[in-house]
Amino acid sequence: MLAALLAIHLLAVVIWVGGMFFAHFMLRPSANDLELESRVLLWSRVLRRFFAVVWGVVLVLPVTGYAMILLYLDGLAGQPLHIHLMQGMAWTMIALFVYLYTGPYRRMQWMVGQLLFPEAGLYLGRIRTVVTINMAIGIMTVVVASAGRYLS
Ligand code: HEM
């Protein structure tokens with residue numbers, strides 16, 4: 001069961017961090033020279049699908065993480081530093097995602113619905129900033145979580 005929880009945990013990490021990496025380093029530069037309306041419509045569709053999956057991920061990560069801690073790893077108090085850091089960074093990422101979804105993303109989708117593409121483009125810029133920050137934290141979290149046990 002511990003193995004299954006860890007495997008699900010890591011699949012969720014790969015989907016979230018890998019998805020942000022793909023969006024930032026492959027899709028964004030490739031979509032940059034599209035005209036504004038096409039670019040906004042593309043991102044509106046891409047983000048709708050990706051964020052639906054991310055909602056699942058932000059549920060799965062704490063559930064599997066705390067299940068491992070409480071059922072197999074002797075509770076929260078005795079955990080090494082890298083596990084505490086992972087949790088702190090994870091909640092920061094989750095808070096940023098919830099802000100992103102309920103704020104700039106919702107507004108962007110509303111603007112797209114009203115065919116206000118320049119305004120939607122402004123919110124797209126904010127989304128990009130927050131996703132870039134979350135991707136950086138996500139990469140650092142993977143490094144801390146996986147290398148941490150060999151350092152402490
Ligand atoms: C509240 C949320 C989270 C909790 C409670 C949590 C907890 C845990 C626990 C207990 C383990 C197993 C550690 C071990 O076997 O020694 C683990 C593994 C791992 N977690 Fe998390 N985690 C959370 C979120 C995240 C996030 C957001 C990421 C990355 C973006 C992440 C990346 C990893 C990685 C890479 C491992 C594998 C470490 C290894 O076995 O070498 N975790 N996590």
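Points worth noting:
- Members of the stretch 23-40 found to be in a helix (DSSP H, G or I) and in contact with a Leu (Cβ under 9 Å, 6 or more places away or on another chain), listed by number: ALA23, LEU27, ALA31, GLU37, ARG39, VAL40
- Qualifying residue in the stretch 85-98 (condition: more than 25 Å from ALA147 (Cα to Cα), out of contact with any Cys (no Cβ under 8 Å at 6 or more places or on another chain) and open to solvent by 30 Å² or more (accessible area, probe 1.4 Å)): yes
- Residue satisfying condition, being of a type outside the set (D, E, K, R), more than 21 Å from LEU5 (Cβ to Cβ) and without any contact (Cβ under 8 Å) to a residue 40 or more places away in the chain, within set TYR105, TYR150: TYR150
- In a residue-by-residue description of the stretch 124-132, the property of being open to solvent by 50 Å² or more (accessible area, probe 1.4 Å), more than 16 Å from the ligand (Cβ to nearest atom) and part of a loop (DSSP other than H, G, I, E, B) applies to no position.
- Filter result for the condition that a residue is modelled with pLDDT of 95 or more, over 24 Å from ARG39 (Cβ atoms) and part of a helix (DSSP H, G or I), over THR141, THR102: THR141
- Yes/no for LEU6 being without any contact (Cβ under 8 Å) to a residue 40 or more places away in the chain, part of a helix (DSSP H, G or I) and surrounded by 14 or more Cβ atoms within 10 Å (Cβ to Cβ): no
- Of all the criteria given as (1) open to solvent by less than 70 Å² (accessible area, probe 1.4 Å); (2) of a type in the set (Val, Ile, Thr); (3) under 21 Å from GLY148 (Cβ atoms), the one not satisfied by VAL46 is (3).
- The stretch 19-37 residues that are more than 18 Å from GLY138 (Cα to Cα) and in contact (Cβ under 8 Å) with a residue 40 or more places away in the chain, paired with ones that are of a type in the set (A, V, I, L, M, F, W, C) and not in a loop (DSSP other than H, G, I, E, B) (beta carbon under 8 Å, 6 or more apart): LEU36/PHE117; GLU37/PHE117
- Every test in (1) open to solvent by less than 30 Å² (accessible area, probe 1.4 Å); (2) assigned to a loop (DSSP other than H, G, I, E, B) is passed by LEU115 save one, and that test is (1).
The values are calculated or read from the model by the stated rules, or taken from the named source; none is laboratory data. Given the structure is predicted, the values throughout are model-derived calculations rather than measurements. FYI the Cβ positions are ideal-geometry reconstructions off the backbone, even for glycines, and counts take in every protein chain you see. Protein only, heavy atoms only, side chains kept; ligands, DNA and RNA dropped before computing areas. Shrake-Rupley method; radii C 1.70, N 1.55, O 1.52, S 1.80 Å.
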